[in-house]
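Structure first, then comments.
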Amino acid sequence: MMRQYELVDRVRRYNPQADEDLLNRAYVYAMRAHGVQKRASGDPYFSHPLEVAAILTDMKLDDATIVAAVLHDTIEDTAATREEIDQLFGPEIGRLVEGLTKIKRLDLVSKRAEQAENFRKLLLAIADDVRVLLVKLADRLHNMRTLHFVPPAKRARIAQETLDIYAPLAGRMGMQGVRDELENSAFHHLQPEAHAMIEARLADLRDRNVTLIKTIEGELSTELVAQGIDAKVKGRQKSAYSVFNKMENKSIAFEQLSDIFGFRIIVKRVEDCYRALGVVHTKWPTVPGRFKDYISTPKQNDYRSIHTTVVGPGRQRVELQLRTQLMHDIAENGIAAHALYKDDRVSDNEALARESGAYRWLRRTIDLLAEGDSPEEFLEHTKLELFHDQVFCFTPKGRLIALPKGATPIDFAYAVHTSVGNAAVGAKINGRISPLLSELQNGDEVEIARAEGQVPPAAWEEVVVTGKARAAIRRATREAVRAQYAGLGRQIVVRAFERAGKAFSDEKLKAALPRLARQNIEDTLAAVGRGEMFSGDVVKAVHPDFKDDKKPRATATKKDPGWFGVGKGGNVVFKVPGQEADLDRSIPIRGINGDLPVRFAPNGGAVPGDRIVGILTPGDGITIFPIQSPALMAFDDQPERWLDVRWDIDPDKQELFPAQIVVTVHNEPGALGQIATVIGESGANIDHIEFVARSPDFRDVVIDVEVIDLKHLSAMIHELKQKAVVSKVERANG
Ligand code: MN
């Protein structure tokens, strides 16, 4: 196990200003916290965080990262707390360790391969500091190095997760070295036979080509030195995993693989890359289509190199990468390499240029981490503030659901499945019952309670943030409204048939559908309910011989209520006010929350006790007017739109209904207060008040009230009239 002074030495080697005391305290704290805990290997647990820290010292990372690595398992696995770590090591380190703790808790969640991309995004969303990810990758690297101690069943799961999530993450962070090792190690555990076979053949190839490799290295070096270029030339072999991948993807045998060997030429300066390239291309013929200049056009993860393939010594195809040492460090260590180039290490123009843009580069690289490779995606996703505008939640079975920030359990439910969203009635977040309108947080586990036959409230549409949920709610409410109109249409049609003295049946209507140019019964009834088709037309379609004996209809006016009309299957009947309503035929009306698309007349309303008429408005349902309402005159010439309606009040529910009154008051202070008091004491609601100046001495107050019924309204009007300030009270529409 690494000694305390060894850790400090490792850090001091690249950072002479390292905080020795801080490192020492972290070492002692973590050692005590982990105490006698053991790893699967039988080693003391504390050896693990030390090895993780050691990996990060190889990447020459800052003190805070190294200390966080030493402490990374303390909050989750020991009695240590965030508060204590904040106190002893400061909030910066506390935050890093907390981030690692959160990510560690996610290990309990199942991660299916198809969710790997989302999971990587979740890691990014949770790790608001890139150093958390660096420690996490080093942690995983050490766990993979010691995976053979872990029981086989668990081993496969960890190896698969490494391949699906952590290796690509390392790749996106530009850390090719870490990525290669994670991939190879996972491959070794997942497919031991294939791994062994490829390793054996690679070793064999290496042995047989030992001379050739030396020859090529020698010839390249000699040529470059002769041209005055200071360069290191190094032969390298592809990793077993990348060979395996190539064989799989291209379905080819090992023998058919080319490019198993490659050579790297590492030079001092950028110009040297191009000079070396000139030397190589002059000396050996190039293989067409294999030249790529990633120096002038770096890859998105800031990978820079020149790639070329030549027909080299012994007519062998030789794959070459030309790069500077800095480019090499970045290719191997990616984001971590950024820490390498601090002010005191600036060695040439290139590093200077990088230094000024370092933060920007880091930022951009972070932005790219979990994204695809196309420029379109790049542009698309750089706009996202590193997934801080996303939340990632889980189903109880561990499925990962990615949602925009501000998403609610309703959005979550619709993201799982439209049927889950439509039936949602409640939610549990992390096991606690929570409102469906709660804002979800990263890592929340969400369980949706369902009730079948439920219609999502239309108001949800305003609350949800995902397009999927909004569209589904709109669709579901549209269907519900359609069903409402069809129900209303059925009532209207059935009554029209009764008044015509005919019996209605679905079968008869079905036979008449072609004449109505409708697809089905539901469609037809909904059209009648919406007022797009008249019930009389339906009667005539079913009974073409039926005679429609229209009679003139009297007009209801305010002065002379006289007769009023009620639609009767296209006919008009007359009723004397005060006469009993035809209870069998009229459509029962409840409050505005009933099953029918019903509203009350604007500027006047209607209250139980009023004799009422319904006016059908295409696309808008029924509007209820008191029969004395002058507004009804507008519908005199459209008898088809008149519906016979009656009140059907639920005595158990004390609903309130709208009415409008006009109070003429003396223009004196306190008048309005007196009126409001009377209305309030009567138990009515005031919905809206408007003043209309009438004369210097009087003004009209137009008041929208809500009352229980006509009796209630009359009593209130009577009370108002008792007030000295009130000169007149009239009901609008009355
Ligand atoms: Mn660990």
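The values are calculated or read from the model by the stated rules, or taken from the named source; none is laboratory data. Predicted, not measured: the structure shown is a model, and the values here were computed from it. In this analysis, Cβ positions are derived from the backbone assuming ideal geometry, glycine residues included, and neighbour counts consider all displayed protein chains.
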Would you please name the residue that is farthest from Ile627 (Cα to Cα), looking only at residues in the stretch 646-672 that are at pLDDT 85 or above and not aliphatic (A, V, I, L, M)? His666
How about the stretch 609-723: which strands (runs of 3 or more DSSP E) wholly inside it have at least 3 residues that are under 30 Å from Ala527 (Cβ atoms) and in contact (Cβ under 8 Å) with a residue 60 or more places away in the chain? 621-626, 642-647
Considering only residues that are farther than 17 Å from Glu668 by Cβ and touching a Gly at 6+ places or on another chain (Cβ under 8 Å), which ones fall in the stretch 714-734? Arg731, Ala732, Asn733, Gly734
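Table: residues versus (1) farther than 19 Å from Val210 by Cα; (2) not in a loop (DSSP other than H, G, I, E, B).
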position	(1), (2)
Ile229	yes, no
Lys232	no, yes
Tyr241	yes, yes
Asn249	yes, yes
Arg264	no, yes
Tyr274	yes, yes
Gly289	yes, no
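Each row is one residue, and each column tells you yes or no for (1) basic (Lys, Arg); (2) crowded, with 19+ Cβ neighbours inside 10 Å; (3) in a helix (DSSP H, G or I).
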{"site": "Cys393", "(1), (2), (3)": "no, yes, no"}
{"site": "Lys397", "(1), (2), (3)": "yes, no, no"}
{"site": "Ala402", "(1), (2), (3)": "no, no, no"}
{"site": "Asn422", "(1), (2), (3)": "no, yes, yes"}
{"site": "Gln441", "(1), (2), (3)": "no, no, no"}
{"site": "Ala449", "(1), (2), (3)": "no, no, no"}
{"site": "Val465", "(1), (2), (3)": "no, no, no"}
{"site": "Ala472", "(1), (2), (3)": "no, yes, yes"}
Could you please give the count of residues in the stretch 39-60 that are of a type in the set (D, E, K, R) and either assigned to a helix (DSSP H, G or I) or closer than 17 Å to Gln17 by Cβ (or both)? 3
Let me confirm something: among Asn209, Asn249, which residue is more than 18 Å from Gly314 (Cα to Cα) and of a type in the set (S, T, N, Q)? Asn249
Taking Phe635 as the residue in question, decide whether it is modelled with pLDDT of 80 or more and in contact with a helix residue (DSSP H, G or I) (Cβ under 6 Å, 6 or more places away or on another chain). yes
Quick check on the stretch 61-84: of everything there that is in a loop (DSSP other than H, G, I, E, B) and in contact (Cβ under 8 Å) with a residue 24 or more places away in the chain, which residue is farthest from the ligand (Cβ to nearest atom)? Asp62
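For every residue, the table says whether it meets (1) buried (at least 20 other Cβ atoms within 10 Å of the Cβ); (2) in contact with an Asp or Glu (Cβ under 7 Å, 6 or more places away or on another chain); (3) without any contact (Cβ under 8 Å) to a residue 40 or more places away in the chain.
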{"position": "Leu137", "(1), (2), (3)": "yes, no, no"}
{"position": "Ala153", "(1), (2), (3)": "no, no, yes"}
{"position": "Glu161", "(1), (2), (3)": "no, no, no"}
{"position": "Asp164", "(1), (2), (3)": "yes, no, no"}
{"position": "Ala167", "(1), (2), (3)": "yes, yes, yes"}
{"position": "Leu182", "(1), (2), (3)": "yes, no, no"}
{"position": "Leu190", "(1), (2), (3)": "no, no, yes"}
Within the stretch 487-501, the residues that are of a type in the set (A, V, I, L, M) and surrounded by fewer than 20 Cβ atoms within 10 Å (Cβ to Cβ) are Val494
Residue in the stretch 579-596 that is outside any strand (DSSP E or B), surrounded by 14 or more Cβ atoms within 10 Å (Cβ to Cβ) and modelled with pLDDT of 80 or more present: no
If you scan the stretch 43-60, which residues turn out to be more than 14 Å from the ligand (Cβ to nearest atom) and within 10 Å of Arg10 (Cβ to Cβ)? Thr57, Asp58, Lys60
Give just the number: which of (1) surrounded by fewer than 20 Cβ atoms within 10 Å (Cβ to Cβ); (2) more than 16 Å from the ligand (Cβ to nearest atom); (3) among the β-branched types (Val, Ile, Thr) does Ile229 not satisfy? (1)
